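Novice: Take a look at the following structure, please.
The values are calculated or read from the model by the stated rules, or taken from the named source; none is laboratory data. Note that the coordinates shown come from a computational prediction; the quantities given were computed from them, not determined experimentally. Cβ placement follows ideal geometry from the backbone for every residue including glycine, while neighbour counts extend to all protein chains displayed. For accessibility, only protein heavy atoms count, side chains too; no ligands or nucleic acids. Shrake-Rupley method; radii C 1.70, N 1.55, O 1.52, S 1.80 Å.
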Amino acid sequence: MPTHQKLWNSPCYLIIGILLLTTSLSAQSLTQTIRGTVVDSDSRFPLPGVNVVLITGDSGTFSGTSTDEAGAFRLQGVPLGRQALKCSFTGYQDIYLNNIIVSSAKEVVLTLEMEEAIQQLEGVEVVATRSGEVNNEMAMVSARQFSVDETDRYPGSRGDPSRMASNFAGVQGADDSRNDIVIRGNSPSGILWQVEGIAIPNPNHFNIPGTAGGPVNIINNKVLANSDFYTGAFPAEFGNSIAGVFDIRYRAGNNQQYEFSSQVGFLGLELAAEGPVSREKGSSFLLTYRYSTLGLFQALNVNIGVDAIPNYQDLNFKLNFPLQGGGSLSFWGLGGASTIDIVLSEEIGSSTIYGASDRDQYFWTNMGATGVSYTRPVNENTFLKVVLAASRESVDAEHDLILTKDSLVNGEVKQVLDALPEVLDYTFRTGKVSAHALMYKKLNSRSTLNYGIQADGYFFHFLDSAVNMVDPIDFSQWETRWNARDNALLLQPYIQFKHKFNERLALSAGLHLQYFSLSKSLSPVEPRLGLEYQLPNQATLSLGAGIHSQIQQPYLYFYSDSVDAQGELILYNKEMDFTYSGHLVGGYEKWIAPDARLKLETYVQRLWNIPVEMVPSSFSLINQGSGFTRFFPEKLKNDGTGYNYGLEATVEKFFSRQFFFLLTGALFESKYRGSDGIVRDTDFNGNFAFNGLAAYEFMFDKGQTLTVGCNLTWVGGRRTGPVDAALSAYNNDLVYEDALRNTEQFPAYFRPDLRIAFKANTPKVTHEVALDLTNFTGQQNILTKSYVNKSPDYYRIDYQLGFLPVFYYKIDF
């Protein structure tokens, strides 16, 4: 039976029918409550007397209230749908939020930050916060806020922040099997993931050491507050990253009433709960749990790149306890476990895009992070935040090589299984304890000073041994490649300052320092600078610059294929220095309508101190950090260089009048120089990336909506080169011709996605049915080349996943 017939013979129709029957039982007018608090953006001190005005839908009807002594407000009887909110207060810049989703099942609880104003110039309209604008006031360029709604609403995103971010200008995510993202030609491993101010390990299921992505993100979008995403020249508080930053914030749960959510679909079962711990004290909890098995895809004969069934589960939570004087104490955490058994020996000749196809693979990953955050306004001008956390990640794998022999089967000679000798076994563990203390101080209405320090204590345990796969293979001879137990300290003090010369011109400047004890690396002081000038008629010019550094992926410091006289591994890469990146970004932004903007950015990025091989070769560590394989380095030196430059454009209409669209484009170059001195394209130099998405929301009576959205992605193909067949056969692994590395390019990647979602509100309950059709035309996109033990080429072309339908039914109550 065709896949689409199986899809529609699944429970989809039954669930939709139940949903429509349920919604027909209530015809009464439904409303909800919007409430929250308003605080000073610098001191986090509550602001009493703020005027909070609700602008209802497209009708423009106004209703409002004011904040009390604790900065709290409450708006009741709010109609369902998308609403707008405006906050104004004497001496502060206005806030305007134009896309607040109000449903019957859950209250809308907001925490709003207002920035103090200085004398306003005639003809200059000052709006401190609009949709899409970043939370961090120190960020002048290459920064974007994202919300829970965007991670759900963008077709193909599937609730994943990484996949959502791939729609932004300068960001590529052209890999259906993983959510790795390439920012301005940089390796995905250059991205920093930060939750509640703490750097965390790779928050993805089935992650590979040295990468920052994976097939599925552990962070559940239902716990997200509005968070920030940076693509370059980021402020001084962020370190140990040369490409970009996900600055994730967890929201507090509802502290007045209990709310629940359940979701079932092709990706598994998901449950969420939130509510008060104590209504009198305003404390709350928020918890999500997800258990997924992709067995339904197998039943529908949908290709997910492997016949094996991946299993994973994850948990996210936050407990929040308000303190006297506007402070709070919160406990938060996230964690996930995943496992997959890729047993190709059961069907000789089968293959997978998740690693080598000549072996059975057993793979387990675990990741967890938990912390406590303490915040306290010291006075009306000073704010203190301290975060303590602990995290751990582990990756375990075992490989058994498939050996075959000829056998006569039904009169035909076929390859059958002969033996399954074990050829690889590894366990990688990294633990970390972290602290981040920071102080925000408002010097006056024009100037703000922030300073702090981040400290991370690492605990490494890397163990790996494997059979040497060079012909002829001796399965009794194992080689130890990792055998390390060590620890290290990463220290990052910083200071940053912002000054508003007037309402048009603002400056931010900062300094960052980084020390890593393992390699005894100390960065020079890293300057960061931002300028923003507001032109008349809602236009802005901006400039950003900075130097950024990053440690190498930890497991690379401990690899060795050499031993000393005592048989101990010689760690010849343990003293690798930081890689550095210098960013220069110029931007222009114009609000072409109250709900639409044009944004242009151009950038130049220089990279240096990149590890390359001691002998002349094309290798550079700048090309690592994606896919499902680890890297096994020779002896390296920090002599490599690289550069990126490009132009990006964004035209965006935020959700209003029942529709939105986002059009982004980028033209860029990404080059590097290895130890052979030749300038080449990086693996990620696709030269162009264009993305267009749009959605329209049909509104019906009784609080029902139908949203139809489409997303088109067109990205230049990844770089590749000719395969060295003789060396590939000798090593039983894919080897490229070194001198011709990245002289070829795969065809451009093109993918259309479609999303259809139906939502119905009934008293205290909201139902939603959604169908996400990724690559609904079944476009054949090339993923990579992979090794096969077959002459004359010794490689095959692997293709992306193709058509992938994702269905879910969600109920909030």
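Novice: Quick check on my filter: what residues within the stretch 772-813 are of a type in the set (Asp, Glu), farther than 30 Å from Lys222 by Cβ and either at pLDDT 90 or above or part of a strand (DSSP E or B) (or both)?
Specialist: Asp798, the sole residue that qualifies.
Novice: How about the stretch 201-282: which strands (runs of 3 or more DSSP E) wholly inside it have at least 3 residues that are of a type in the set (S, T, N, Q)?
Specialist: 259-265
Novice: From the list Ala725, Ala694, which one is surrounded by fewer than 18 Cβ atoms within 10 Å (Cβ to Cβ), among the small types (Gly, Ala, Ser) and either touching a helix residue (DSSP H, G or I) at 6+ places or on another chain (Cβ under 8 Å) or closer than 19 Å to Arg796 by Cβ (or both)?
Specialist: Step by step, each of Ala725, Ala694 is checked, and only Ala725 is surrounded by fewer than 18 Cβ atoms within 10 Å (Cβ to Cβ), among the small types (Gly, Ala, Ser) and either touching a helix residue (DSSP H, G or I) at 6+ places or on another chain (Cβ under 8 Å) or closer than 19 Å to Arg796 by Cβ (or both).
Novice: Something else: Scanning the stretch 510-538 for residues that are among the hydroxyl-bearing types (Ser, Thr, Tyr) and not in a strand (DSSP E or B), which turns out nearest to Leu489 (Cα to Cα)?
Specialist: My answer is Ser517.
Novice: Would it be correct to say that Arg741 is charged (D, E, K, R), touching a residue at least 12 places away in the same chain (Cβ under 8 Å) and open to solvent by 40 Å² or more (accessible area, probe 1.4 Å)?
Specialist: Yes; evaluated as a whole, the condition is true for this residue.
Novice: Any idea how many residues of the stretch 761-813 are of a type in the set (Asp, Glu) and in contact with an Asp or Glu (Cβ under 9 Å, 6 or more places away or on another chain)?
Specialist: 3
Novice: Taking Tyr588 as the residue in question, decide whether it is open to solvent by 30 Å² or more (accessible area, probe 1.4 Å) and at pLDDT 95 or above.
Specialist: yes
Novice: From the set of residues in the stretch 320-333 that are in contact with a strand residue (DSSP E or B) (Cβ under 9 Å, 6 or more places away or on another chain) and either open to solvent by 60 Å² or more (accessible area, probe 1.4 Å) or not in a strand (DSSP E or B) (or both), which is farthest from Val223 (Cα to Cα)?
Specialist: In this case the residue turns out to be Gly325.
Novice: Give me the residue from the stretch 395-438 that is small (Gly, Ala, Ser) and surrounded by 18 or more Cβ atoms within 10 Å (Cβ to Cβ) and, out of that set, nearest to the chain's Cα centre (by Cα).
Specialist: Only one residue fits best here, namely Ser434.
Novice: Which members of the stretch 651-672 meet the condition of being open to solvent by 20 Å² or more (accessible area, probe 1.4 Å) and either out of contact with any strand residue (DSSP E or B) (no Cβ under 8 Å at 6 or more places or on another chain) or not aromatic (Phe, Trp, Tyr) (or both)?
Specialist: Scanning the stretch 651-672 gives Val651, Ser656, Arg657, Gln658, Leu663, Leu667, Glu669, Lys671.
Novice: So, one more: Check off (1) part of a loop (DSSP other than H, G, I, E, B); (2) in contact with a Ser or Thr (Cβ under 6 Å, 6 or more places away or on another chain) for Gly640 and give me the number that stays unchecked.
Specialist: (1)
Novice: Hey, can you tell me all the residues within the stretch 218-231 that are modelled with pLDDT under 95 and not hydrophobic (A, V, I, L, M, F, W, C)?
Specialist: Result: Asn220, Asn221, Lys222, Asn226, Ser227, Asp228.
Novice: Need the failing condition index for Lys441 against (1) open to solvent by less than 60 Å² (accessible area, probe 1.4 Å); (2) over 25 Å from Gly567 (Cβ atoms); (3) in a strand (DSSP E or B); (4) of a type outside the set (S, T, N, Q), just the number.
Specialist: For Lys441, the failing item is (1).
Novice: Looking at the structure I just gave you, is Asn685 buried (at least 20 other Cβ atoms within 10 Å of the Cβ) and touching a residue at least 12 places away in the same chain (Cβ under 8 Å)?
Specialist: Judged against the criteria, Asn685 is a match.
Novice: In the stretch 622-637, which residues are under 21 Å from Asn204 (Cα atoms) and part of a loop (DSSP other than H, G, I, E, B)?
Specialist: Answer for the stretch 622-637, where residues must be under 21 Å from Asn204 (Cα atoms) and part of a loop (DSSP other than H, G, I, E, B): Gln624, Gly625, Ser626, Gly627, Phe628, Thr629, Arg630, Phe631.
Novice: Based on what the data block shows, is Asp464 touching a Ser or Thr at 6+ places or on another chain (Cβ under 6 Å), at pLDDT 95 or above and either buried (at least 18 other Cβ atoms within 10 Å of the Cβ) or on the phi < 0 side of the Ramachandran plot (or both)?
Specialist: In short, no.
Novice: Of all residues in the stretch 213-224, count the ones that are of a type outside the set (Val, Ile, Thr) and out of contact with any helix residue (DSSP H, G or I) (no Cβ under 8 Å at 6 or more places or on another chain).
Specialist: 3
Novice: Go through the stretch 177-227 residue by residue and tally those that are hydroxyl-bearing (Ser, Thr, Tyr), within 14 Å of Gly627 (Cα to Cα) and in contact with a Phe, Trp or Tyr (Cβ under 9 Å, 6 or more places away or on another chain).
Specialist: 3
Novice: When you check Val735 against the structure, is it crowded, with 16+ Cβ neighbours inside 10 Å, free of Cβ contacts under 8 Å to residues at least 40 places away in the same chain, over 17 Å from Ser351 (Cα atoms) and touching an Asp or Glu at 6+ places or on another chain (Cβ under 7 Å), yes or no?
Specialist: So Val735 fits the description; yes.
Novice: If you don't mind, another one. Quick one: would you say Arg680 is basic (Lys, Arg) and surrounded by 21 or more Cβ atoms within 10 Å (Cβ to Cβ)?
Specialist: Against the criterion (basic (Lys, Arg) and surrounded by 21 or more Cβ atoms within 10 Å (Cβ to Cβ)), Arg680 qualifies.
Novice: Right, next: If the Cβ limit is 7 Å and pairs must be 6+ apart or interchain, which residue in the stretch 244-265 that is more than 30 Å from Phe168 (Cβ to Cβ) pairs with which residue that is open to solvent by less than 60 Å² (accessible area, probe 1.4 Å) and part of a loop (DSSP other than H, G, I, E, B)?
Specialist: Note: pairs meeting the criteria are Asn254/Glu107; Asn255/Gly282; Gln257/Glu107; Glu259/Ala105; Glu259/Lys106.
Novice: How many of the residues making up the stretch 119-168 are under 15 Å from the mean Cα position of the chain (by Cα), modelled with pLDDT of 90 or more and part of a loop (DSSP other than H, G, I, E, B)?
Specialist: Residues that pass the stated criteria total 3.
Novice: I need a count of the residues in the stretch 245-254 that are of a type outside the set (A, V, I, L, M, F, W, C), out of contact with any helix residue (DSSP H, G or I) (no Cβ under 7 Å at 6 or more places or on another chain) and buried (at least 22 other Cβ atoms within 10 Å of the Cβ).
Specialist: Result for the stretch 245-254: 2.
Novice: Further question on the same structure: Just to verify a result, which residue in the stretch 379-408, among those that are without any contact (Cβ under 8 Å) to a residue 40 or more places away in the chain and of a type in the set (A, V, I, L, M, F, W, C), is farthest from Ala419 (Cα to Cα)?
Specialist: The residue in question is Ala397.
Novice: Turning to a different aspect of this structure: Would you point out the residue of the stretch 336-360, among those that are open to solvent by 20 Å² or more (accessible area, probe 1.4 Å) and part of a strand (DSSP E or B), that is nearest to Phe285 (Cα to Cα)?
Specialist: Looking at the filtered set, the residue picked out is Ala337.
Novice: Out of Phe659, Phe700, I need the residue that is farther than 25 Å from Arg597 by Cα and among the aromatic types (Phe, Trp, Tyr). Which one?
Specialist: Matching residue, one of Phe659, Phe700: Phe700.
Novice: Could you please let me know if Phe246 is among the aromatic types (Phe, Trp, Tyr), at negative phi and at pLDDT 90 or above?
Specialist: Taking the combined requirement at face value, the residue satisfies it.
Novice: OK, next. Taking the condition under 30 Å from Pro616 (Cα atoms), in contact (Cβ under 8 Å) with a residue 24 or more places away in the chain, surrounded by fewer than 21 Cβ atoms within 10 Å (Cβ to Cβ) and of a type in the set (Gly, Ala, Ser), does Ala748 pass?
Specialist: So Ala748 does not fit the description; no.
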